[in-house]
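Engineer: Next up is a structure, given as structure tokens.
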Amino acid sequence: MSPLIIGLLIVFVLVFLLLTGMPVAFALGSVAIVFLVIFDGVNSVDVIADTLFGGLNEFALLSIPMFILMGSAIASSRAGSDLYEALERWFYKVPGGLIISNIGACSIFAALSGSSPATCAAIGKMGIPEMQKRGYPDSLAAGAIAAGGTLGILIPPSITMIVYGIATETSIGRLFMAGIIPGIMLTGLFMAWSLYYARRKGFHFKAGDKGYSWKEKFEILPKIMPFLMIIVLVLYALYGGVATPSEAAGIGAFVCIALVVFIYKMWNLREHWEILRSAMRESVMIMMIIGSAALFSYMMSSLYITQSLAEGIATLDVSPWVLLLSINFFLLLAGLFLPPVAVILMAAPTLVPIVETIGFDPIWFGVMLTLNMEIGLITPPVGLNLYVINSIAPDIKLPTILWGALPFMICMLIGIALLIMFPGLATWLPDYMMGPAQY
């Protein structure tokens, strides 16, 4: 049986297991073990444990639970509601101030927490009722929050970027820097669509009759500015050569917990236990996926499937742009069924060498891949953000949320097109700040 036929069989079995509801880590691991035993013999079992734990033997992986702990501390406090309230107080007079406040709060909170579901839950609980009270349609209110939550995997510090950097052996610091301009661009596209749609439908952009004095605007800033400074602190530690990603993540987690304790008076040990338990649960889930993906990648390589696929694509007599379009289509399709971390760990080690061979920058490709993964977060059948919005706003039906999110998917596709046409959107800032990359 040829390697490519075996590869198709592996894909079929993996998709079947995922559709049954089996957790991603167990599906990847079980498929890898079964196919190794079938085609490499029972002796291949000897390398399973070493390969699984070898995939976790990476110092940079320490940054993942630290960033998750940072996000868990923020999500467990009133930081999200204070951030939302601060933006509303400052932008209530701006045309479209309420929708700008919601998307802006999503982008900042997502960057702080690194979690799309946490962002949707934290900002959606406050923002959706406020927009409904002021006459905004349910579809726009829900779609804006669902899409805004996806920004956390693009705007640094991003756990998805860390996983991509480890899987492809590219600089995490450069990836973080590369995500800043595209993240701002995508936030702007979301705001532009929301404002256009609401103006076209005749909705008024006013925060009711409520007004805020300068005293009220400034009195809330001391609560949120320390959290915004955390992003600056982490980025400075990375780009200033002060700390490694793992060390910067540790600093960020420690500072976040300290701020939560002193600003929001979270002295109760039970609250701290909830923060640690939430962070532990998500960290273990991601680490299990990473270990299983390492075993899956070993199986694909051992059966010569990865090499055959790369050779087959490299020998295609097509334009690099056609090949890039095909890769984007594959990533979009994979994002419909798998979480971003799983797609990156499975596909990036195979795709990046191909992308480099046809002359594209791996840092730029990492940003483009992340944009594709964002679309999967608001697209069925997985579409995690859609279900989170539906759980916190049960009066809004799932089809309504999906239709509201559809224009934001188009915004993301426009973002991908702009990134392809203007690669400098991702590569200029890291090259300017850190010097040209050496590959």
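Engineer: So what J values fall out for the range 62-73 if you push phi through Karplus, 6.51 cos²θ - 1.76 cosθ + 1.60 with θ = phi - 60°, rounded to Hz, Gly and Pro as x?
Structural biologist: After applying 6.51 cos²θ - 1.76 cosθ + 1.60, I find 4, 5, 5, x, 5, 5, 5, 4, 4, x, 5, 5 Hz.
Engineer: Relative to the compact-globule scaling 2.2 N^0.38 Å, provide the ratio for the alpha-carbon radius of gyration of the chain.
Structural biologist: Expressed relative to 2.2 N^0.38 Å, the Cα Rg reads 0.99.
Engineer: Any idea how far apart Thr357 and Ile5 come out in nm if each label point goes 7 Å out from Cα toward Cβ?
Structural biologist: Result for the modelled spin labels: 2.3 nm.
Engineer: Output wanted: per-residue J couplings in Hz (rounded whole) for the range 168-177, from phi through Karplus 6.51 cos²θ - 1.76 cosθ + 1.60, θ = phi - 60°, x for Gly and Pro.
Structural biologist: 10, 6, 10, 5, 5, x, 5, 5, 4, 5
Engineer: Say a site is exposed when it is one of the GluC sites (Glu not before Pro), sits in a DSSP loop, and has at most 16 other Cβ atoms within 10 Å; what is then the longest site-free stretch of the chain?
Structural biologist: 170-439
Engineer: May I ask for the distance between the Cα centers of the range 145-188 and the range 373-439, given as a whole number of Å?
Structural biologist: Here the answer is 11 Å between Cα centres.
Engineer: Let me ask something additional. Under a crude label model (7 Å from the Cα following the beta-carbon direction), how far is Tyr432 from Ile410 in nanometres?
Structural biologist: In this crude label model, Tyr432 to Ile410 measures out at 3.1 nm.
Engineer: May I ask you to derive the relative contact order of the range 47-434, considering only C-alpha pairs under 8 Å and at least 6 residues apart, and to give it as an integer percent?
Structural biologist: It comes to 28 percent, rounded to a whole number.
Engineer: Please report, in debye to the nearest 20, how large the charge dipole of the chain is about its Cα centre when each Lys and Arg carries +1 at its beta carbon and each Asp and Glu carries -1 there.
Structural biologist: Charge dipole of the chain: 1800 debye, to the nearest 20.
Engineer: With angles folded into 0 to 90 degrees, how steeply does helix 269-302 sit against the dominant principal axis of the chain? Use alpha carbons for both and round to 10.
Structural biologist: The angle comes out at about 30 degrees.
Engineer: Can you compute 3J(HN,Hα) from phi for each residue in the range 3-20, using the Karplus curve 6.51 cos²θ - 1.76 cosθ + 1.60 with θ = phi - 60°, rounded to whole Hz and x for Gly and Pro?
Structural biologist: So the Karplus estimates, Gly and Pro as x, are x, 5, 5, 4, x, 5, 5, 4, 4, 4, 5, 5, 4, 4, 5, 5, 5, 6 Hz.
Engineer: Whats the longest run of the chain with zero trypsin sites (Lys or Arg not before Pro) that are DSSP loop and have at most 12 other Cβ atoms within 10 Å?
Structural biologist: The segment 266-439 is the longest one with no such site.
Engineer: Sticking with this structure for a sec: Can you compute the FRET efficiency between Leu336 and Met421 using 1/(1 + (r/R0)^6), with r the Cβ-Cβ distance and R0 = 35 Å? Round to the nearest 0.05.
Structural biologist: 0.90
Engineer: Further question: Expressed as an acute angle from 0 to 90° and rounded to the nearest 10, what is the orientation of the C-alpha long axis of helix 424-434 relative to the principal long axis of the chain?
Structural biologist: With rounding to tens, the tilt is 90 degrees.
Engineer: What is the angle, in °, between the Cα long axis of helix 24-40 and the longest principal axis of the Cα atoms in the chain? Nearest 10 is fine, range 0 to 90.
Structural biologist: Helix 24-40 and the main axis of the chain meet at about 10 degrees.
Engineer: Report, in deg cm²/dmol and to the nearest 500, the calculated mean residue ellipticity at 222 nm for the chain, where each DSSP H run with n ≥ 4 adds -39500 (n - 2.57) and the sum is divided by the residue count.
Structural biologist: -25500 deg cm²/dmol
Engineer: For the chain, compute the number of Lys pairs whose alpha carbons are separated by less than 17 Å, excluding pairs fewer than 8 positions apart on the same chain.
Structural biologist: Final tally of qualifying lysine pairs is 12.
Engineer: With unit charges on the beta carbons (Lys and Arg positive, Asp and Glu negative) and the dipole taken about the Cα centre of the chain, which residue among Ile153, Gly183, Met131 sits farthest to the positive side?
Structural biologist: Met131
Just so you know, all these numbers are worked out from the coordinates, no wet-lab data involved. As the structure is a prediction and not an experimental result, all values here were calculated from the model. Cβ: placed from backbone, ideal geometry, glycine included. Neighbour counts: every protein chain shown.
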